[in-house]
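The numbers here are math on the coordinates, done by the rules we state, and not lab data. These figures come from a predicted structure and were not determined experimentally. Methodologically, a virtual Cβ is constructed for each residue, glycine included, from the backbone with ideal geometry; neighbour enumeration extends over all protein chains shown.
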Amino acid sequence: MKDKKILVSGASIAGPTLAYWLDRYGFEVTVIERAAALRLGGQNIDVKGPAKEIALKMGILEEIRAHNTTEIGLRFVNSDNHTIAEFPSDSSMSMTQELEILRGDLVKILYDLTAKRVEYIFGDHIIDLIESENEVKVDFASGKKGIFDIVVIAEGIGSATRDLAFGGRPRFNYLGLYTAYLTILRNNTDSRWARWYNAPKGIVFMLRPDNYGKTRASVTFLAKENAYKDLSEADQKRALIDRIQGAGWESERLVNEIKESEDLYF
Ligand SMILES: Cc1cc2nc3c(=O)[nH]c(=O)nc-3n(C[C@H](O)[C@H](O)[C@H](O)COP(=O)(O)OP(=O)(O)OC[C@H]3O[C@@H](n4cnc5c(N)ncnc54)[C@H](O)[C@@H]3O)c2cc1C
């Protein structure tokens, strides 16, 4: 199998990790990413269990540790911001894990580890695949063509190439929740503790420290399936503000931050 050409589609976590191992075992690897650059958004990812073992074998465990989000545990608070329950990171029930890293930091670490030896192509994607016994012919949106021995799809949950290769979409079971994520300015109620507030009317607010001097906020709320489907970003902001306005605790702070947000992920 050595010297074979492999195309990996998707440069997030799975794609570059696979590329690292394929390169290490002598394959010639190209990674193609639909976005124009690495997508560095997202919030906390826990590196634990098999992921920790793999990170150790890839020699990036200490780099991951150095990018720790600095969170020391989770506090459930009431509307006056008094702590009701506290789960420090070293307790078995804590949400805060030993290796807590922002998704974007992990993506960057994996990219930097592989970029010298693996070819990365950004801003392009597969539009057709023709598989024969010995090869896969690939057409790209840019008009380029390629021939590979194997194509691996690492495009995450909404993969279009998976549909192209295998047909049909996976079935999703809607669990009744929407979540919005955004980065906000740190203020004097924030600390190295994550804070969780259960607001009335099925809303959960969570604020967590990051390692860049900011606070990562999430708002999770009950909603009917497709209630907010296909909204523009401005409409997402309006819908979210309508939902949380007057919910107590630090909801007004969040309303103001949502208006200004440039990284709202809904
Ligand atoms: C912007 C973003 C933010 C996220 N935030 C969080 C978070 O806060 N917390 C959390 O736990 N998980 C988050 N996730 C999901 C998490 O990254 C994944 O569920 C998990 O890590 C699995 O990673 P993956 O590499 O399999 O897929 P993903 O991380 O979903 O990455 C798939 C990659 O493939 C690319 N791609 C998609 N379609 C194509 C195509 N047709 N051709 C080429 N490339 C394509 C995408 O742009 C993306 O870079 C986020 C994902 C993204 C993309």
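Selection among TYR120, ILE101, ALA35 by position relative to the dipole of segment 1-120 gives TYR120 as farthest towards the positive end (Cβ unit charges, Cα centre). Relative to the longest principal axis of the Cα atoms of the chain, the long axis of helix 103-114 makes an angle of roughly 30 degrees.
Along its three principal directions, the equivalent ellipsoid of segment 203-266 from the Cα gyration tensor extends over semi-axes of 20, 14, 12 Å, largest first. Exposure proxy for HIS82, HIS67: other Cβ atoms within 10 Å of each Cβ, ordered fewest to most, give HIS82, HIS67.
Under the classification rounded if a/c is under 1.5, otherwise prolate if a/b is larger than b/c and oblate if not, where does segment 100-225 fall, given a ≥ b ≥ c as square roots of the Cα gyration tensor eigenvalues? Show your work: numbers first, answer last.
On the way: a/c = 3.81, a/b = 1.77, b/c = 2.16.
Since a/c reaches 1.5 but b/c is at least a/b, the shape of segment 100-225 is classed as oblate.
Normalised Debye scattering of the chain at q = 0.08, 0.10, 0.14, 0.15 Å⁻¹ gives log10 I(q)/I(0) of -0.41, -0.63, -1.09, -1.18, counting only Cα atoms as equal scatterers and leaving out solvent.
Ignoring lysines fewer than eight residues from LYS145 along the same chain, the ones with Cα atoms less than 26 angstrom from its Cα are LYS2, LYS4, LYS5, LYS116, LYS137. What is the local net charge at LEU182, summed over the other residues whose Cβ is closer than 11 Å to its Cβ (Lys, Arg +1; Asp, Glu -1)? Every neighbour counted, the sum reads 0. Net charge dipole, segment 184-260: roughly 220 debye, given to the nearest 20, about the Cα centre with Cβ charges of +1 for Lys and Arg and -1 for Asp and Glu.
Remark: segment 215-224, residue by residue, has Karplus-estimated 3J(HN,Hα) of 10, 9, 10, 9, 10, 10, 8, 6, 7, 5 Hz, where x stands for each Gly or Pro and the curve is 6.51 cos²θ - 1.76 cosθ + 1.60 at θ = phi - 60°.
The GNM of the chain, with springs linking C-alpha atoms under 10 angstrom apart, assigns the highest mean-square fluctuation among ILE241, ILE157, ILE121 to ILE157.
Oblate is the label for segment 147-216. Its Cα gyration tensor axes, ordered a ≥ b ≥ c, give a/c of at least 1.5 and b/c at or above a/b. Within a Cβ distance under 10 Å of LEU61, other residues only, what is the Lys/Arg minus Asp/Glu net charge? Net charge around LEU61: 0.
Taking 0.36 nm per residue of separation and subtracting the Cα-Cα distance, full extension of the segment from ASP128 to LYS229 would add 33.5 nm. Taken about its Cα centre, the chain carries a charge dipole of about 240 debye when Lys and Arg each add +1 at the Cβ and Asp and Glu each add -1 at the Cβ. Charges were assigned to the Cβ only: +1 to each Lys and Arg, -1 to each Asp and Glu. The resulting dipole of segment 124-198 about its Cα centre is roughly 640 debye. Relative to the longest principal axis of the Cα atoms of the chain, the long axis of helix 14-24 lies at roughly 40 degrees.
Comparing Cα centroids, segment 90-137 and segment 163-188 end up 18 angstrom apart. Taken over segment 27-83, the convex hull of the Cα atoms encloses 166 Å³ per residue. Helix 251-260 and the longest principal axis of the Cα set of the chain meet at an angle near 40°.
So what is the calculated 222 nm ellipticity per residue for the chain, using -39500 (n - 2.57) for each DSSP H run with n of 4 or more, over all residues, to the nearest 500 deg cm²/dmol?
Numbers: 7 runs with 66 residues, N = 266.
Taken over the chain, the calculation gives -7000 deg cm²/dmol.
So in segment 1-108, what percent of DSSP beta bridges are antiparallel if you round to the nearest 5? Could you put the intermediate results ahead of the total?
On the way: 9 of 14 bridges.
Just about 65 percent of them are antiparallel.
Bridges between two residues of the chain, per DSSP, are antiparallel at a rate of about 70%. Inter-part distance, segment 194-222 to segment 16-38, computed on C-alpha centroids, equals 34 Å.
Take every Cα pair under 8 Å whose residues are at least 6 apart in sequence, average their separation, divide by the length of segment 1-150, and the relative contact order is 29 percent.
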